[in-house]
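One structure is given here, and the rest of the page talks about it.
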Amino acid sequence: MDIVEALPLIRINSNAEIRREPISEDEDCVIVDNFLQNPNEIVEFACRHAGDFSIPERSYPGLLLDIKDDAMTDVYRYIRFEMSKHFVFLKGGMKLSTNLSMATMQPNQLSNLQRVCHVDPRDRMDRFNYAALVYLFKNEELGGTGFYRWKDRKLMEQATAAELDDPAKGLAFMQEHFKTFREPACYMTESNEIAELIAAVPARFNRLIFYSGDLPHSASIVSPELLTTDFSQGRLTLNCFANVRRR
């Protein structure tokens, strides 16, 4: 049997505390505390199957494990029916995917693009991205999530294209245009010449945040020395990505 199918059904807490907070003039973030009935079961599952996680090339600064849709039935239903009340997307035609993620890399291990905030890649330009993230760690010093506004979107697009074509050329381009890349590597946690920090959501165990993946964002890891490969103590999150049609 595929081990991922052994993940228990992820159940929603019917008494979860939900609120909506502004990120910018145009964007909000929905925060749901005490979101899951069984968050510890997910952490225990990750601990049992630590060897099945893998490090993807470039895209994430740590370990990932894809999660089967069967375990996500309640969460997907919640996104369709609850989150569509707060955001302007259709319940139908939604494409959803989920993984367990744990940031583990130290700053000197980060790729060039992992040192800056990012937007989630779009499959089609006529659709939009949203993301649901559940914090599954109790040490809040491991960091929440920061949201940003590009200072020069076109320049960052040029930097990204150069990086994807050739990381050496990408680094040279970024060092030329961004002071940050002439300094020691670090996780992005505050405003710099690339983007302005406009909002930050602190981490809390069993907290869901739901937001537009088209808004620049980044894990706010101020203390990377706390990162670990121990799934019982590390920065473990459940990440669900929704590709949607706008109303």
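What follows draws every value from the coordinates through simple rules; no lab data is involved. All values reported here derive from a predicted model rather than from experimental measurement. Positions of Cβ are generated from backbone atoms using ideal geometry, with glycine treated the same way; all protein chains shown enter the neighbour counts.
General observations
- Cα centroid of segment 63-97 to Cα centroid of segment 148-174, whole Å: 31 Å
- Segment 3-81 shape via C-alpha gyration tensor axes, a/c threshold 1.5: oblate
- Secondary-structure-derived ellipticity at 222 nm for the chain, considering helices only, amounts to -5000 deg cm²/dmol, per-run term -39500 (n - 2.57) for DSSP H runs with n ≥ 4.
- Scaled against the 2.2 N^0.38 Å expected of a compact globular protein of N residues, the Cα radius of gyration of segment 76-156 reads 1.35.
- Think of the chain as having a plus end and a minus end, set by charges on the Cβ of Lys, Arg, Asp and Glu; of Asn38, Ile23, Val222, Ile23 sits farthest toward the positive end of this dipole.
- Neighbour net charge for Ser111 - beta-carbon separation under 11 angstrom, K R +1, D E -1: 0
- Counting lysine pairs in the chain that sit 8 or more residues apart in sequence, or on different chains, and whose Cα atoms lie under 23 Å apart gives 8.
- Filtered GluC sites (Glu not before Pro), segment 1-109: DSSP coil and at most 15 other beta carbons within 10 Å: Glu25, Glu57
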